[in-house]
Amino acid sequence: MNFCELCPRRCRADRFRADGTPGFCGAKDGVRLFRWGPHFGEEPPLTGKRGSGCIFFSRCTMKCLYCQNSPWSWRGEGDGKSVEELAAIMRDLALRDRVENWNLVSPTPYLPFIREAAAILRKEGVSLPFVWNSSGFERVETLEEYSDLCDWALFDLRYSREETAVMASAAPGYVEAARSAVRWAWSYNPDHLIVRVLVLPGHSDEAVESLAWLATELSSDVAVSVMSQYTPAYKGKETPPFDRGVTEDEYADVAEAAADFGFTNGWVQDMSSSDPSLALLGENMTSGHGPVSA
Ligand code: SF4
């Protein structure tokens, strides 16, 4: 591979050689990781009993002004890893930690290297399902080319309006790209798609519009995860309305819309509970979890 076109930015950076230049995302000719390990906060099918083996890649194709992971997504903190070192980390997660899957968090700039690491492990008889954990800002061509790394698609639908995607994430074309990615994943393996709808302060109507699109253009059988945990971070702290949390009313509007659109497969959170765990969509909850419908 020469000029990178892995993500919708298609910046064509000549990044895959030692004296190459970084892409728009900041990625260069090797893998860069910030953190890895078993994680128990993902949706239940991914967490399972032994946790999801999250691998947090440094750099990101999005530039979200409110990003909670800015030390590594924006500033690239982390360590460079060879393909062999990445394979060793994945091996440890599989054999020592016995996680349920390899959860690739924002993997897109590094897909060729991840595939090489997976090939090393496959020869040893080590394999796990891959979770492609993404903002949704993906190219369908890339998803098809690397579908072997997408046993599960965990994709966001973050915005429904182009102007918000540009303002908040410097991501022109996000809405079309993310919807195309979700559509692809739905046709590729509908049982292994989870769409995360993060409710953003002042933009809960966009979360409702994303749910409406899902219900009308795909199906209300899509598994959705309606997320309330937005916390102001990074430049969001100085940029209204991203400088505040989501109100209970904003979250309730989205959770109720999920029920109204007929989604019964997925999860919501109860903002009044100190327990951040996810409750099944459409069920009356006990133990601090609330129902979707008012
Ligand atoms: S993954 Fe990075 S280098 Fe590749 S096209 Fe996207 S922004 Fe450019």
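The values are calculated or read from the model by the stated rules, or taken from the named source; none is laboratory data. Keep in mind that what you see is a predicted model, and the values were worked out from it rather than measured. Quick reminder, even Gly has a Cβ in these numbers, built from the backbone with ideal geometry, and neighbours come from all protein chains shown.
Assigned to a helix (DSSP H, G or I) and either out of contact with any Leu (no Cβ under 8 Å at 6 or more places or on another chain) or surrounded by fewer than 16 Cβ atoms within 10 Å (Cβ to Cβ) (or both): does that describe E206? Answer is no for this residue. Could you grab me the full set of residues in region 30-62 that are among the aliphatic types (A, V, I, L, M) and not in a strand (DSSP E or B)? Hits for region 30-62 are L46, M62. Residues of region 2-39 that are in contact with a strand residue (DSSP E or B) (Cβ under 8 Å, 6 or more places away or on another chain), of a type in the set (A, V, I, L, M) and either more than 7 Å from the ligand (Cβ to nearest atom) or at pLDDT below 95 (or both): V31, L33. For first residues located in region 19-32 and in contact (Cβ under 8 Å) with a residue 40 or more places away in the chain and of a type outside the set (K, R), partners that are more than 10 Å from the ligand (Cβ to nearest atom) and in a loop (DSSP other than H, G, I, E, B) and lie 6+ apart or on another chain with Cβ distances below 6 Å form the pairs G26/G76. For R12, indicate whether it is part of a loop (DSSP other than H, G, I, E, B) and on the phi > 0 side of the Ramachandran plot. For R12, the condition - part of a loop (DSSP other than H, G, I, E, B) and on the phi > 0 side of the Ramachandran plot - is met. Residues of region 78-91 that are in contact with a strand residue (DSSP E or B) (Cβ under 6 Å, 6 or more places away or on another chain) and part of a loop (DSSP other than H, G, I, E, B): G78 alone. Give region 60-84 a look and list any residue that's in contact (Cβ under 8 Å) with a residue 40 or more places away in the chain and closer than 21 Å to K123 by Cβ, or say none. K81, S82, V83, listed by residue number. Residue-level check: of (1) away from the ligand (no atom under 16 Å from the Cβ); (2) surrounded by fewer than 21 Cβ atoms within 10 Å (Cβ to Cβ); (3) within 21 Å of Q229 (Cα to Cα), C54 misses just (2).
Check region 80-96 and report whether any residue there is of a type in the set (S, T, N, Q), over 25 Å from P129 (Cα atoms) and more than 16 Å from the ligand (Cβ to nearest atom). There is no residue in region 80-96 that is of a type in the set (S, T, N, Q), over 25 Å from P129 (Cα atoms) and more than 16 Å from the ligand (Cβ to nearest atom). Do we have R59 as at pLDDT 95 or above, among the charged types (D, E, K, R) and away from the ligand (no atom under 13 Å from the Cβ) here? It is false that R59 is at pLDDT 95 or above, among the charged types (D, E, K, R) and away from the ligand (no atom under 13 Å from the Cβ).
Where residues in region 88-109 are surrounded by fewer than 23 Cβ atoms within 10 Å (Cβ to Cβ) and small (G, A, S), which of them is nearest to L6 (Cα to Cα)? Among residues in region 88-109 that are surrounded by fewer than 23 Cβ atoms within 10 Å (Cβ to Cβ) and small (G, A, S), the one nearest to L6 (Cα to Cα) is A88.
Pick from V182, V175, V140: which is out of contact with any strand residue (DSSP E or B) (no Cβ under 8 Å at 6 or more places or on another chain) and closer than 24 Å to N69 by Cα? None of the others qualify; the one that does is V175.
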